[in-house]
Amino acid sequence: MPPPPLLPRLSPALPPPLRARERGAGAPPSRGVGRRRRRPALVAVARAKGKDEASFTDRILDYIEGGPKLRRWYGAPDLLPKDGSADDEEDESPDIEEPRDAVLVSDGNSETGQLMILALILKRARIKALVKDKRSTEEAFGTYVECMVGDMEDKSFTKKALRGVRAVISPADDGFFSEQIDLKGVEHIVLLSQLSVYRNSGGLQAIMNSKLKKLAEKDEEVVLASGIPCTIIRTGSLQSTPGGKRGFDFTEGIAAKGRISKEDAATICVEALDGIPRKTLIFEVANGDEKVADWKAWFAEQIKGDEEIQ
């Protein structure tokens, strides 16, 4: 079953094209010489909010979806690839080298993964995403994302998925690194971890989180042992609330008891891509009162301080 929509869309869906009779006044025009052709009625689509009032996510979704929706409304054909073929399958040889400039999102169907994709689109990054439902992801993001469906245990698929990838960004609890994956060529791994939350849970919640806890432990273990520069971001409990409303708290131990918006967590992970540590950078974060005006400078400071300790 396809996942629920990421966020409610405030703008109504465009109506289907009107039939010939519905465009007129009702009855068909009478036959005869000199009859005048009726002009098709213009359709106005009202928006719930003005441009200045629309949220960050609304503007992004309108920007992404406006093109495909309007093309369908006016009956224009779908855009074809540059070679003019409508075939979605790649005909490229697996031996062809691509520029290593893409970011791979390990779970493009999860809510946090989709928020990461939106943040990457804003940074004009080349994006690849592992998905289970390719059609729904392509309908949501169009040509901004190269969607890939397959099993990472399949070496040929793994090679294809990681072709041209410079960094892997992984939402919490997807178990991406739990499998034996050849990450040769990847320069940076950014892992969103909920391990502190699971370790701090007790009673029935601890039983419910036991599987997720094992996945989180395995993910961190594999990433740390990979030898690839990595940033592990241990967040507080992820909340489906709007981001950008509050500041942050980076106090040690805050991840076990704090909370953070999924949108804020996704933003931090994407910002972390530009700050590559020499070995490993691990920190905790939840929503709080500290404001970060320049994430690039913030990460540079954390990396420098961490290297001095090491």
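Below, the figures for the structure above:
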{"item": "Computed label-point distance, nm, for sites K211 and W295 using a 7 Å Cα→Cβ extension", "result": "3.1"}
{"item": "Accessible surface, per residue, of region 156-264 when the full set of protein chains is kept, probe 1.4 Å, Å²", "result": "47"}
{"item": "Candidates per trypsin sites (Lys or Arg not before Pro) in region 98-147, loop by DSSP, up to 16 other Cβ within 10 Å", "result": "R100, K123, R124, K132"}
{"item": "Whole-number D in µm² s⁻¹ for region 210-256, Kirkwood Cα-pair radius fed into Stokes-Einstein, 4 °C, 1.567 mPa s", "result": "99"}
{"item": "Kirkwood Rh and Cα Rg combined as Rg over Rh, evaluated for region 234-282", "result": "0.98"}
{"item": "Where GluC sites (Glu not before Pro) fall in DSSP loop in region 228-310, at most 12 other Cβ within 10 Å", "result": "E252"}
{"item": "Table column - 3J(HN,Hα) (Hz), region 173-186, Karplus curve with 6.51, -1.76, 1.60, x for Gly and Pro", "result": "6, 8, x, 4, 8, 6, 8, 7, 10, 7, 9, 4, x, 6"}
{"item": "Amide hydrogen neighbours beyond the local backbone of K128, cut-off 5 Å, H modeled", "result": "V103, L104, V105, E146"}
{"item": "Amide N proximity, region 193-213 versus K257 label position 7 Å along Cα-to-Cβ, cut-off under 14 Å", "result": "197, 200-201"}
{"item": "Derived scalar couplings ³J(HN,Hα) [region 154-168; Karplus, 6.51 cos²θ - 1.76 cosθ + 1.60; whole Hz; x for Gly, Pro]", "result": "7, 4, 5, 5, 4, 4, 5, 5, 8, 5, x, 8, 9, 8, 10"}
{"item": "Accessible area expressed per residue, region 265-310, with surrounding protein chains retained (probe 1.4 Å, Å²)", "result": "55"}
{"item": "Size-normalised alpha-carbon gyration radius of region 183-310, reference 2.2 N^0.38 Å", "result": "1.05"}
{"item": "Label zone at T241 (point 7 Å along Cα-to-Cβ), backbone N below 11 Å, region 161-205", "result": "none"}
{"item": "Those trypsin sites (Lys or Arg not before Pro) in region 167-274 that DSSP places in a loop and that have at most 15 other beta carbons within 10 Å", "result": "K184, K245"}
{"item": "Cα-based shape type of region 121-160, given that a ≥ b ≥ c are square roots of the gyration tensor eigenvalues and the cut on a/c is 1.5", "result": "oblate"}
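The values are calculated or read from the model by the stated rules, or taken from the named source; none is laboratory data. Keep in mind that this is a model prediction, so the values were computed, not measured. Positions of Cβ are backbone-derived with ideal geometry, glycine not excepted, and every protein chain shown enters the neighbour counts. In case anyone asks, the SASA skips ligands and DNA or RNA and just uses the protein heavy atoms, side chains included. Shrake-Rupley method; radii C 1.70, N 1.55, O 1.52, S 1.80 Å.
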